[in-house]
Amino acid sequence: MKYCPDCATPLADIELLEDGGPKTRLRCPACGFSHWNNPTPVLAAVVECTDREGRLLLARNAAWPGRFFGLITGFMEAGESPEEGILREVAEETGLQPTAAPRLLGVWDFQKKNQLIVAYHVAAMGEIQLSPELAEYKLIPPHQVRCWPQGTGQALATFLRQRGIEPEFFE
């Protein structure tokens, strides 16, 4: 954000006294607007395909460079709970339907993108039909999956540990 959404004045780094002490934020010198730049919550799912021998579905986002496969992720919509949101995202992006309520795996910060990851295990089944947002997918047995060290990779590692599988990581 470069300009004030209220008066269009260029924002500047301005230090003010807040509840926790002095804090520098992008602020409007004309009207006092503060850009908080708080982390955005992102929902993530470790999708276990119950009708495919419990294999995990990893997908490649069409906008990602390279061939990285990750968890199903998305943003909550206004008026929905995180559980409703992750079930909607899994259905929208994969066509799969849940076979049980989502189970919270944990919450992790992903500072690289200023996000807070709220991750669930979602057991699902059905015909896989990827949304245009996803380019391709892989179905991998849990004991063969490799985790990545940041973001949603920690959720995947937590899921594996809960299954008695010590995760392997790649860079």
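Condition check ((1) farther than 27 Å from Glu171 by Cβ; (2) open to solvent by less than 80 Å² (accessible area, probe 1.4 Å)) across all residues:
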{"position": "Cys31", "(1), (2)": "yes, yes"}
{"position": "Ala44", "(1), (2)": "no, yes"}
{"position": "Leu56", "(1), (2)": "no, yes"}
{"position": "Ala63", "(1), (2)": "no, no"}
{"position": "Lys112", "(1), (2)": "no, no"}
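Taken over the stretch 140-156, the criterion of being more than 17 Å from the chain's Cα centre (by Cα) and open to solvent by 50 Å² or more (accessible area, probe 1.4 Å) is satisfied by His143, Gln144, Arg146. Restricting attention to the stretch 119-133, the residues that are buried (at least 18 other Cβ atoms within 10 Å of the Cβ) and within 23 Å of Thr40 (Cβ to Cβ) total 4.
One residue is enough: does the stretch 49-58 have a residue meeting the conditions among the hydroxyl-bearing types (Ser, Thr, Tyr) and free of Cβ contacts under 8 Å to residues at least 60 places away in the same chain? For the stretch 49-58, residues among the hydroxyl-bearing types (Ser, Thr, Tyr) and free of Cβ contacts under 8 Å to residues at least 60 places away in the same chain: absent. Given the criteria within 18 Å of the chain's Cα centre (by Cα) and open to solvent by less than 50 Å² (accessible area, probe 1.4 Å), does Gly85 qualify? Considered against the rule, which asks whether it is within 18 Å of the chain's Cα centre (by Cα) and open to solvent by less than 50 Å² (accessible area, probe 1.4 Å), Gly85 comes out as yes.
The values are calculated or read from the model by the stated rules, or taken from the named source; none is laboratory data. Values in this document were obtained by computation on a predicted structure and should not be read as measured data. Every residue, glycine as well, gets a Cβ built from its backbone with ideal geometry; the counts of neighbours run over all protein chains shown. Please note that ligands, DNA and RNA were not included when accessible areas were found on the heavy atoms of the full protein model with its side chains. Shrake-Rupley method; radii C 1.70, N 1.55, O 1.52, S 1.80 Å.
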